[in-house]
Amino acid sequence: MQGKSFSLLIALILCISPSLSWAQDDGYGAREEADHYFQKQGYFAAVDLYKKAYGQEKSADEKAALIFMVAESYRMLNDQVQAEVWYLRAIKARHDDVLAYYHLGQALQAQGRLAEAREEFNRFKEKGGSSSMADQAISSLEVAAEMNENKSKYVVDPEVMLNTEYYEFSPILANPEGNMLYFSSSRLGSTGVEEFKKTGESYEDIFFSQQDKKGKWSEPQRLPLNVNTDNNEGSPVFTSDFVRMYYTKCMKAENTGCKIYETTRTGETWTDAKEVKLATPEQKENTFGHPTLSQDNKMMVFASDIPGGKGGKDLWYSLYNDASNSWGSPVNMASVNTAGDEMFPHLRKNGALYFATNGIKGMGGLDIFSAEKTGDNEWGNAKNMGSPINTIADDFGMIFQGDLERGYLTSNRTGGKGKDDIYIFSLPEVVFAFEGIVYDKDGQFPIDAAYVRVFGSDGSSFETLTDVNGGFSFAENGEDRFVNPEVNYSIEVGKEEYLVAKDNVSTVGLGESTTFVKEFLIQSTKVDEISFPEVQYDLGKFTLRPESKDSLNYLYQTLVDNPTIVIELAAHTDSRGSNQANQTLSEDRAKSCVEYLVSKGIAPARMKAKGYGENKLRVSDAKINALPAAEREAAHQKNRRTVFSVLSWDYMPN
């Protein structure tokens, strides 16, 4: 895993925060002072002190060790570019700690240079480093590559109007409309005036900002001094009525850990914050933070390192006791915890649990996981949210805006303004539409005022008329949509004195937005002949071939789709044979077609059989005789045809 981001919520809330003060003794040199700050997590201060000690050191081995410690300090500050530079220098100086290769690989991974990172992890193993550590690191590279290849449909963008070069993290919505955001930041203007030795920045406070109707965020304002202090405050959460706020405070005093506090809002003012009593006297040095609440405000989930967990920082929950007006003893959420760190829980309105962990194979650093509710006060089946929600950097603090597939998260991924930045994510709605143009089949011109009727398998139906260009569209239907997911639709297009055309579209199984585009060619009935797939006959015969029955099935469907038409079935022969024989043959051919359609259920009253003999040749004898001998029979076949025309539209079906 890569080095973590050292905002309040990772550096302090989930670690015991001892004081960094030291009664300076002239007997201590720069090396001892640097080690002190490093051990007390004062990494920012340690960097300069290790560099100072390097300038005073004579021994080559000790100088190499100091270079390594500069790299370690940059790693803990999550400055991966400088960490890479100094680990390379340590290796070049022949520092004997094989972890230099491993951490160099992490620094490269954090910068997205996965192939180079793999080389360093393999080199770490070759130099005698832990094979399991190397293999796990290489596995995370493979997971990252796979997830980047198969991204989810979420869209993630930085909230640029709120982010600065400092830390911004752990946003939470603060009103029902979802346009007020509380978050933590180390930006200029924070309450604490001292430099935070871990980061070299101000101590963090809770700020808020409101979004106007155009989506612009107001200048963030710091909460008052009865909430913010010269300590670190962050990770707020609200009760469902947005009146009470719980948050985390990490005191400067040594051996006090971090604790959860509560305060109540009345208008624009807040009551003095008081500690939520979760720890026993024996746990006063343990840390409690990152509170989140169930919708009924009766359960608080938080992160803590109290004994009894699986390792690192675990998620715990406490139930509110109305009788005693207090929170109950913490219960470990064993079904989601690991030997690593679980942090930043968020209980979504639908009951799902979202949290960050480095204890499950992921893309690198902290990854965000979701867990489904499996029973009373139980969650399981944790799943990685994948890319682009997660990256090779630290990703955490995911919250949702009610039931919507949108919300906010925190990340120190590349592309931000500062260390930790706030990002907005959304899952674009999968929407469907249906549009098209209706043409005259023979003239190929657009038809206006043709009707388009759509029938859905969900019982829905809707229709419209084409415009002057023959076009139509079904998209928005007020606040809803005409075309919805997981529905099969049948379409019918027609107009007076035109035959109906039909088609189908389906949204079943489609996971991406789609606009179905169709062209409909509808047949005018104001013509002498309407062609359909050829009904072919052998020379001198009227019996139907098997392929001729297939052609008549097309005509059958036309009669079913247009249940009020009465047609004439007209059969023709070629010119060979006598006129009388061809007349009789054509009449028999027409009758054979009618008999077949009657056998399929078409009423005889809807069809008139008519034979025209050889009187209406498509290809004249003169043209046939002018053709090569091998092409003449095909020309004769064109004359042996059956067509139909519409006689009336007044048939009344039973």
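The values are calculated or read from the model by the stated rules, or taken from the named source; none is laboratory data. The shown structure was predicted, so the numbers you read here are calculated from the model rather than taken from an experiment. Here the Cβ is made from the backbone with ideal geometry for all residues, glycine too, and neighbour counts use every protein chain on show.
Can you pull out every residue in segment 49-82 that is in contact (Cβ under 8 Å) with a residue 24 or more places away in the chain, within 20 Å of Q111 (Cα to Cα), assigned to a helix (DSSP H, G or I) and not basic (K, R)?
Passing the criteria: F68, A71, E72, S73, Y74, M76, Q80, V81.
Limited to segment 453-468, what total is found for residues that are surrounded by 15 or more Cβ atoms within 10 Å (Cβ to Cβ) and of a type in the set (A, V, I, L, M)?
Total meeting the criteria: 1.
Please count how many residues of segment 276-287 are farther than 10 Å from I306 by Cα and not in a loop (DSSP other than H, G, I, E, B).
1
Do you know which residues across segment 392-431 are more than 14 Å from the chain's Cα centre (by Cα) and of a type in the set (S, T, N, Q)?
Correct list: Q401, T410, S411, N412, T414.
Step by step: first the residues of segment 615-632, then only those that are in contact with a Lys or Arg (Cβ under 8 Å, 6 or more places away or on another chain) and under 21 Å from S645 (Cβ atoms), then the one that is modelled with the highest pLDDT. Which residue is that?
Of segment 615-632, the ones in contact with a Lys or Arg (Cβ under 8 Å, 6 or more places away or on another chain) are 618-619, 624-625.
Right, trim to under 21 Å from S645 (Cβ atoms) and you get 618-619.
Working: R618: 90, V619: 93.
The residue in question is V619.
Does L499 satisfy the condition of being more than 30 Å from A433 (Cα to Cα), among the aliphatic types (A, V, I, L, M) and either touching a residue at least 12 places away in the same chain (Cβ under 8 Å) or touching a Leu at 6+ places or on another chain (Cβ under 9 Å) (or both)? Quick ask: steps written out before the conclusion?
On the way: more than 30 Å from A433 (Cα to Cα): no; among the aliphatic types (A, V, I, L, M): yes; either touching a residue at least 12 places away in the same chain (Cβ under 8 Å) or touching a Leu at 6+ places or on another chain (Cβ under 9 Å) (or both): yes.
No.
Provide a single number: the residues in segment 199-244 that are within 34 Å of the chain's Cα centre (by Cα) and more than 21 Å from A356 (Cβ to Cβ).
Total satisfying the criteria: 24.
If you check every pair at least six apart or on different chains, which have Cβ atoms under 6 Å apart with a residue in segment 372-399 that is without any contact (Cβ under 8 Å) to a residue 24 or more places away in the chain first and a residue that is among the acidic types (D, E) and surrounded by fewer than 22 Cβ atoms within 10 Å (Cβ to Cβ) second?
N381/E372
Looking only at segment 448-492, how many residues end up being small (G, A, S), without any contact (Cβ under 8 Å) to a residue 40 or more places away in the chain, under 16 Å from V517 (Cα atoms) and not in a strand (DSSP E or B)?
Our first condition is that a residue be small (G, A, S); within segment 448-492, this holds for 449-450, 456-457, 459-461, 470-471, 473, 475, 478, 490.
From what's left, without any contact (Cβ under 8 Å) to a residue 40 or more places away in the chain: 456-457, 459-461, 470-471, 478, 490.
Going one step further and asking which of them are under 16 Å from V517 (Cα atoms), we end up with 470-471, 490.
Filter once more, so that each one left must be not in a strand (DSSP E or B): 470.
Of the residues in that region, 1 qualify.
Output yes when any residue across segment 105-124 is assigned to a helix (DSSP H, G or I), at pLDDT 90 or above and more than 30 Å from M385 (Cβ to Cβ), and no when none is.
Yes: segment 105-124 contains one or more residues that are assigned to a helix (DSSP H, G or I), at pLDDT 90 or above and more than 30 Å from M385 (Cβ to Cβ).
Can you find, within segment 325-343, the residue that is farthest from the chain's Cα centre (by Cα) among those that are on the phi < 0 side of the Ramachandran plot and either of a type in the set (S, T, N, Q) or not assigned by TED's automatic domain parsing to the domain that holds N381 (or both)? Give the derivation first.
Residues of segment 325-343 on the phi < 0 side of the Ramachandran plot: 326-343.
Those still in the list that are either of a type in the set (S, T, N, Q) or not assigned by TED's automatic domain parsing to the domain that holds N381 (or both) too: 326, 329, 332, 335, 337-338.
Working: S326: 39, S329: 37, N332: 31, S335: 26, N337: 25, T338: 26 Å.
Applying the filter and picking the extreme gives S326.
Kindly list the number of the only condition in (1) part of a loop (DSSP other than H, G, I, E, B); (2) free of Cβ contacts under 8 Å to residues at least 24 places away in the same chain; (3) in contact with a Gly (Cβ under 7 Å, 6 or more places away or on another chain) that fails for G359.
The one condition G359 does not meet is (2).
What tally of residues in segment 489-505 results from selecting those that are surrounded by 15 or more Cβ atoms within 10 Å (Cβ to Cβ) and either outside the structural domain of Y439 (by TED's automatic domain parsing) or of a type in the set (S, T, N, Q) (or both)?
Looking only at that region, the number is 1.
Scan segment 626-638 and give yes if some residue there is touching a His at 6+ places or on another chain (Cβ under 9 Å), under 19 Å from E534 (Cβ atoms) and touching a residue at least 12 places away in the same chain (Cβ under 8 Å), otherwise no.
Here is the first cut: in segment 626-638, the ones touching a His at 6+ places or on another chain (Cβ under 9 Å) are none.
There is no residue in segment 626-638 that is touching a His at 6+ places or on another chain (Cβ under 9 Å), under 19 Å from E534 (Cβ atoms) and touching a residue at least 12 places away in the same chain (Cβ under 8 Å).
To keep it simple, each residue is scored yes or no on (1) within 24 Å of the chain's Cα centre (by Cα); (2) in a loop (DSSP other than H, G, I, E, B); (3) β-branched (V, I, T); (4) under 16 Å from G364 (Cβ atoms).
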site	(1), (2), (3), (4)
E84	no, no, no, yes
A100	no, no, no, no
A137	no, no, no, yes
I172	yes, no, yes, no
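Quick check on this structure: which one of D25, D35 is at pLDDT below 50 and either among the charged types (D, E, K, R) or assigned to a helix (DSSP H, G or I) (or both)? Step through it out loud before you land on a result.
On the way: D35 fails: at pLDDT below 50.
Result: D25 is the single residue among D25, D35 that is at pLDDT below 50 and either among the charged types (D, E, K, R) or assigned to a helix (DSSP H, G or I) (or both).
Between residues in segment 509-522 that are in contact (Cβ under 8 Å) with a residue 60 or more places away in the chain and more than 26 Å from Y498 (Cβ to Cβ) and residues that are assigned to a strand (DSSP E or B) and of a type in the set (A, V, I, L, M), which pairs lie under 8 Å by C-beta distance while being six or more apart or on different chains?
Final answer for the pair search is T514/A433.
Just give me the residues in segment 556-615 being closer than 23 Å to K502 by Cα, touching a Ser or Thr at 6+ places or on another chain (Cβ under 9 Å) and aliphatic (A, V, I, L, M), in sequence order.
Across segment 556-615, the qualifying residues are I565, V566, I567, L569.
If you check T292 against the conditions, is it of a type outside the set (A, V, I, L, M), crowded, with 24+ Cβ neighbours inside 10 Å and over 20 Å from N231 (Cα atoms)? Can you show your working first?
Working: of a type outside the set (A, V, I, L, M): yes; crowded, with 24+ Cβ neighbours inside 10 Å: yes; over 20 Å from N231 (Cα atoms): yes.
Criteria met by T292.
Among the listed residues K518, K526, K541, K549, identify the single one that is touching a strand residue (DSSP E or B) at 6+ places or on another chain (Cβ under 6 Å) and basic (K, R).
Values: K526 fails: touching a strand residue (DSSP E or B) at 6+ places or on another chain (Cβ under 6 Å); K541 fails: touching a strand residue (DSSP E or B) at 6+ places or on another chain (Cβ under 6 Å); K549 fails: touching a strand residue (DSSP E or B) at 6+ places or on another chain (Cβ under 6 Å).
K518 is the lone residue from the list that is touching a strand residue (DSSP E or B) at 6+ places or on another chain (Cβ under 6 Å) and basic (K, R).
Looking only at residues that are surrounded by 14 or more Cβ atoms within 10 Å (Cβ to Cβ) and in a helix (DSSP H, G or I) in segment 558-567, which one is farthest from the chain's Cα centre (by Cα)?
Taking segment 558-567 and keeping what is surrounded by 14 or more Cβ atoms within 10 Å (Cβ to Cβ), we get 558-559, 561-562, 565-567.
Checking which are in a helix (DSSP H, G or I) leaves us with 558-559, 561.
On the way: T558: 45, L559: 48, D561: 43 Å.
Among those residues, the one meeting the criterion is L559.
Considering segment 535-589 alone, what residues qualify as being of a type in the set (F, W, Y) and either closer than 15 Å to Q637 by Cβ or in contact with a Leu (Cβ under 9 Å, 6 or more places away or on another chain) (or both)? Let's see the steps before the verdict.
Here is the first cut: in segment 535-589, the residues of a type in the set (F, W, Y) are 537, 542, 554, 556.
Correct list: Y537, F542, Y556.
Could you tell me whether any residue of segment 352-373 is over 21 Å from S235 (Cα atoms) and polar (S, T, N, Q)?
no
Given (1) outside the structural domain of D480 (by TED's automatic domain parsing); (2) in a loop (DSSP other than H, G, I, E, B), identify the lone condition not met by Q444.
(1)
Residues being in contact (Cβ under 8 Å) with a residue 12 or more places away in the chain and touching a helix residue (DSSP H, G or I) at 6+ places or on another chain (Cβ under 9 Å): count how many of those fall in segment 124-135. Give the steps one after another, and end with the answer.
Narrowing segment 124-135 to residues in contact (Cβ under 8 Å) with a residue 12 or more places away in the chain: 124, 127-129, 133-134.
Next cut, touching a helix residue (DSSP H, G or I) at 6+ places or on another chain (Cβ under 9 Å) only: 124, 127, 129, 133-134.
Selection size over segment 124-135: 5.
Which members of segment 413-441 meet the condition of being surrounded by fewer than 21 Cβ atoms within 10 Å (Cβ to Cβ), hydroxyl-bearing (S, T, Y) and touching an Asp or Glu at 6+ places or on another chain (Cβ under 9 Å)?
S426, Y439
What is the residue count in segment 216-256 for residues that are buried (at least 16 other Cβ atoms within 10 Å of the Cβ), assigned to a strand (DSSP E or B) and without any contact (Cβ under 8 Å) to a residue 60 or more places away in the chain?
Result for segment 216-256: 6.
Which of the residues spanning segment 342-371 are surrounded by 14 or more Cβ atoms within 10 Å (Cβ to Cβ) and over 30 Å from M133 (Cβ atoms)?
Going through segment 342-371, the residues surrounded by 14 or more Cβ atoms within 10 Å (Cβ to Cβ) turn out to be 342-348, 352-360, 362-371.
Result: H346, L347, R348, A352.
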